[in-house]
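Some notes on the structure that comes next.
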Amino acid sequence: MIIAPKIRGFICTTAHPEGCAAHVAEQIAVVKSRGPITNGPQRVLVIGSSTGYGLSSRIAAAFGSNAATIGVFFERPGEADRTATAGWYNTRAFEKEAAAAGLYARSFNGDAFSDEVKTEVVAAIKADLGQVDLVVYSLASPRRTDPKSGEVYKSVLKPVGASYTNKNLNTGTGVVNEITIEPAEGDDIRQTIAVMGGEDWELWTDALLEAGVMAAGVQTVAYSYIGPEVTWPIYKNGTIGKAKEDLERVQRALDVKLAPLGGKAWVSVNKALVTQASSAIPVVPLYISLLYKVMKAEGTHEDCIEQMDRLLRERLYNGDPQPDAAGRIRVDDWEMTPQVQALVGQRWSEVNTENFPQLGDFEGYQSSFLRLFGFGLTGVDYSAETDPAVGIPSLELA
C-alpha cells in the first residue's frame, strides 16, 4: 500500500516503515559521529524503548558504547491494509541496524506493567547477558493495570486546586487560542501517580535485584521534565507533576536498594521536545514552538538523540553527573538558561495567531511531529508501494 500521514487530533494514525527506518538511521549517524562513549554501558535494559527518549537511549547505548540491549514496549504490528505503530517500525529498523553492526538486540512486545513481561525479560537477561549494568525506565502510558490488584489506573493531565487558563496552539491549524482546563477531582491525582509515578520503576528494580541480574555498579535512570513557570500549572504543579514527585521519591528509595551493589538511581530532567507524549499536553506545544525558534537561532537545539547521547556521554559515564540541589541530572540545562527563557517568555506574552509564524517555529514543530511517524524523511519515496506488515526479527524468532 501507499502510506500517507493521517492526523487525528494530536496523534498520527499511520506510520511509514521506510521512513521510520530512515529516522533511526539518522539517529545512529549522530551517535557514531561523536565517537565511542568512554567506559559506557555494555548490557542495557530499556523499558519503553520504541519511541522518543527510550528509543534514543537504546540507540545511544548500542551505537555509542557497543552495548547489548533488551527493549520492552507495547506496540501494534501492521496488517495487509493497516500500518503498524511507529514504535513497531522503529524497533524493526533498530534491530536490523544492530544485527548489521554485530550487536545483540532482543525485544519484548507486551504490557511492561505486568508481572508476566517482567518474568520473561528477567529470564532473557539470565540466559543471554547474565546481568545488566544500565536500566533505562522510559514508559509513557495513559493507563496501567496493577499487577497485584488488577485495578486499572488512568492518568489525566489536569491542574491541581483550580482551573487553568492560558494560551494554546492548535497544532493542526497554527491558530493560537486560549484553553481552560478544569482541575483534578476525585482520585485523579492518585490514579495519575499510579500510572506515571515511580511504582512500576521500583517493581522492575525489585524483580531485577531479586533475580540477581543487576551488575555491580549498575545505574538506573528514569526521565522527567520541569520546564518554565508558564507550563507549571499543567505540568510541574499539575497531576503529572505529582507523579514526577513520586518518581523522585522512588529514586531515593532505589539508591538505598542499589547501595550494596555500588549502584545508583537517577532522575534525568530532559528538554521539552516534540514526542508522542508531549504532543498530548495542552499549552506545551506552543511553548515548544517558541523554544525551538530561540534555541535553533542560538545553535543549542537538541533532539532526543542528542539529549540521550549527552546524558550517557557527559553525565552518567564520565564521572561528572552534575546533579542539581535535588540530586537530579539536568540535560534541560541549555533550555533553562536565563537568556533562552527570557526570550521565550517575552515571545509568550506577545504571541498571537497573526505573529506566530514570526515568533514560533511551527514548521519545525510539524516536521518533528511527522518524523515521529516516519514522514518527511529525505531519501524516502513516499509515492512507492510498501509492505506495512513487516516483522521485528527477535520477535519472529521467539
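The table below gives the values:
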read-out: The range 342-348 - phi-based ³J(HN,Hα) in whole Hz, Karplus 6.51/-1.76/1.60, Gly and Pro as x; value: 5, 6, 4, x, 4, 5, 4
read-out: Ranked by how many other beta carbons lie within 10 Å on average, peptides 23-31, 367-375 from highest; value: 367-375, 23-31
read-out: Listed peptides 239-246, 322-329 by packing density, highest first (mean Cβ within 10 Å); value: 239-246, 322-329
read-out: Contour minus Cα-Cα distance for Leu203 and Gln42 (0.36 nm per residue); value: 55.7 nm
read-out: About the Cα centre, charge dipole magnitude for the range 90-212 (Lys/Arg +1, Asp/Glu -1 at Cβ), debye; value: 420
read-out: Using a Förster distance of 25 Å, the FRET efficiency for Asp387-Ile11 (Cβ separation, nearest 0.05); value: 0.65
read-out: Cα-centre dipole for the chain with unit charges at Cβ (Lys and Arg positive, Asp and Glu negative), debye to 20; value: 380
read-out: FRET efficiency, 1/(1 + (r/R0)^6) with R0 41 Å, evaluated for Glu245 and Glu298 via beta carbons; value: 0.85
read-out: Percent antiparallel among DSSP beta bridges (both partners in the chain, rounded to 5); value: 30
read-out: Over 19 Å (Cα to Cα) - which of Lys271/Lys296; Lys154/Lys244; Lys6/Lys167; Lys158/Lys242; Lys236/Lys271; Lys167/Lys244 fall in this group; value: Lys6/Lys167; Lys167/Lys244
read-out: Farthest toward positive dipole pole in the range 7-397 [+1 Lys/Arg, -1 Asp/Glu at C-beta], among Ala280, Ser56, Phe369; value: Ser56
read-out: Rg/Rh ratio calculated on Cα atoms of the chain (Kirkwood radius); value: 0.94
read-out: Extension gain from Gln358 to Asn66, taking 0.36 nm per residue of separation minus the Cα-Cα distance; value: 100.8 nm
read-out: Among 334-342, 191-199, the order from most to least packed when residues are scored by Cβ within 10 Å on average; value: 191-199, 334-342
read-out: Unit charges at the beta carbon, dipole of the chain: most positive-side option, Ser138, Ala265, Thr378; value: Ala265
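FYI, it's all coordinate maths here, none of it is from the lab. Computed from a predicted model, the values in this text were never measured in an experiment. Don't worry about glycine lacking a Cβ; one is built from the backbone with ideal geometry, like all the others, and counts go over all protein chains shown.
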